[in-house]
Amino acid sequence: DGGITQSPKYLFRKEGQNVTLSCEQNLNHDAMYWYRQDPGQGLRLIYYSQIVNDFQKGDIAEGYSVSREKKESFPLTVTSAQKNPTAFYLCASSIGLRLSSYEQYFGPGTRLTVT
Amino acid sequence: EDQVTQSPEALRLQEGESSSLNCSYTVSGLRGLFWYRQDPGKGPEFLFTLYSAGEEKEKERLKATLTKKESFLHITAPKPEDSATYLCAVQAEKTSGSRLTFGEGTQLTVNP
């Protein structure tokens, strides 16, 4: 089955620790995205990547870092500099700019709790 | 700055009671407007893309329409399984890459 996988589903960390969230897709999509969702709020863009070895900051990039070494993978690291890291993190992908349709497809999400 | 406002924030319907959800948007040149469904604790599920005013798309009990300022998601004779949060997002022509701007969603509850 083609799709987006995120692991783990739930993640618990102590304050001050860095943590990396995994995102893998087998849809052959060029573009990948990371969003953060807090209760009662919409999705906010953290980072996105349109092509391997290139990525751009979104609206709330402070305290996060990413890499895009492979087309299929776009891991997100939540660093100790992120002041309020507890949230639901969503990874998405889209075909990119090769076609006119730009809808994004989402993974199941990772719920991160930092205490 | 692109903006998306969804209303109402929450909507309770009885099974079979048709209604509409609203998505108002401000964008400098619309490339596309997207509707998603999100169940609690899960990732959003893509429903529709609309590209130009006057366009309509249907899927089962859902129909999405688009004008130059807003989009409606019409739900006809809803069932309890239609209960979810419905998200609207826009993509501007001048946006960098293919990033989307999301609204905060409408939480729909359909009671049996």
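The values are calculated or read from the model by the stated rules, or taken from the named source; none is laboratory data. Values in this document were obtained by computation on a predicted structure and should not be read as measured data. Don't worry about glycine lacking a Cβ; one is built from the backbone with ideal geometry, like all the others, and counts go over all protein chains shown.
Look at (1) closer than 23 Å to B:Gln91 by Cα; (2) at pLDDT 95 or above and you find that A:Asn26 fails only one, number (1).
When residues in region B:2-38 are screened for being surrounded by fewer than 15 Cβ atoms within 10 Å (Cβ to Cβ), within 24 Å of A:Ser94 (Cα to Cα) and in contact with a Ser or Thr (Cβ under 8 Å, 6 or more places away or on another chain), 2 of them pass. Exactly one residue out of A:Gln41, A:Gln82, A:Gln50 is in a loop (DSSP other than H, G, I, E, B), out of contact with any His (no Cβ under 8 Å at 6 or more places or on another chain), of a type in the set (S, T, N, Q) and buried (at least 16 other Cβ atoms within 10 Å of the Cβ): that is A:Gln82. Taken over region B:42-96, residues that are within 14 Å of chain A (Cβ to nearest Cβ) and either among the basic types (Lys, Arg) or within 30 Å of A:Tyr10 (Cβ to Cβ) (or both) amount to 15. Quick check, is B:Leu30 within 14 Å of chain A (Cβ to nearest Cβ) and over 14 Å from B:Gln107 (Cα atoms)? For B:Leu30, the condition - within 14 Å of chain A (Cβ to nearest Cβ) and over 14 Å from B:Gln107 (Cα atoms) - is met. In region A:14-21, the count of residues that are among the basic types (Lys, Arg) and under 13 Å from the mean Cα position of the chain (by Cα) is zero.
When we screen B:Lys57, B:Lys42, B:Lys63 for residues that are touching a His at 6+ places or on another chain (Cβ under 7 Å), surrounded by 14 or more Cβ atoms within 10 Å (Cβ to Cβ) and not small (Gly, Ala, Ser), the only hit is B:Lys63.
Taking region B:2-112 as the region of interest, none of the strands (runs of 3 or more DSSP E) fully inside it holds 2 or more residues being free of Cβ contacts under 8 Å to residues at least 12 places away in the same chain and on the phi > 0 side of the Ramachandran plot. State all residues of region A:31-54 that are facing chain B (nearest Cβ under 9 Å) and either more than 12 Å from A:Phe88 (Cα to Cα) or more than 13 Å from the chain's Cα centre (by Cα) (or both); if no residue qualifies, say none. If the condition is that a residue be facing chain B (nearest Cβ under 9 Å) and either more than 12 Å from A:Phe88 (Cα to Cα) or more than 13 Å from the chain's Cα centre (by Cα) (or both), then A:Ala31, A:Tyr33, A:Gly40, A:Gln41, A:Gly42, A:Leu45, A:Tyr48, A:Ser49, A:Gln50 are the ones that fit. If you filter region A:1-24 down to residues that are assigned to a loop (DSSP other than H, G, I, E, B) and more than 14 Å from every other protein chain (Cβ to nearest Cβ), you find that the one that is surrounded by the most Cβ atoms within 10 Å (Cβ to Cβ) is A:Asn18.
Just checking, does region A:96-107 include any residue being away from chain B (no Cβ under 14 Å) and in a strand (DSSP E or B)? No, the conditions are met nowhere in region A:96-107.
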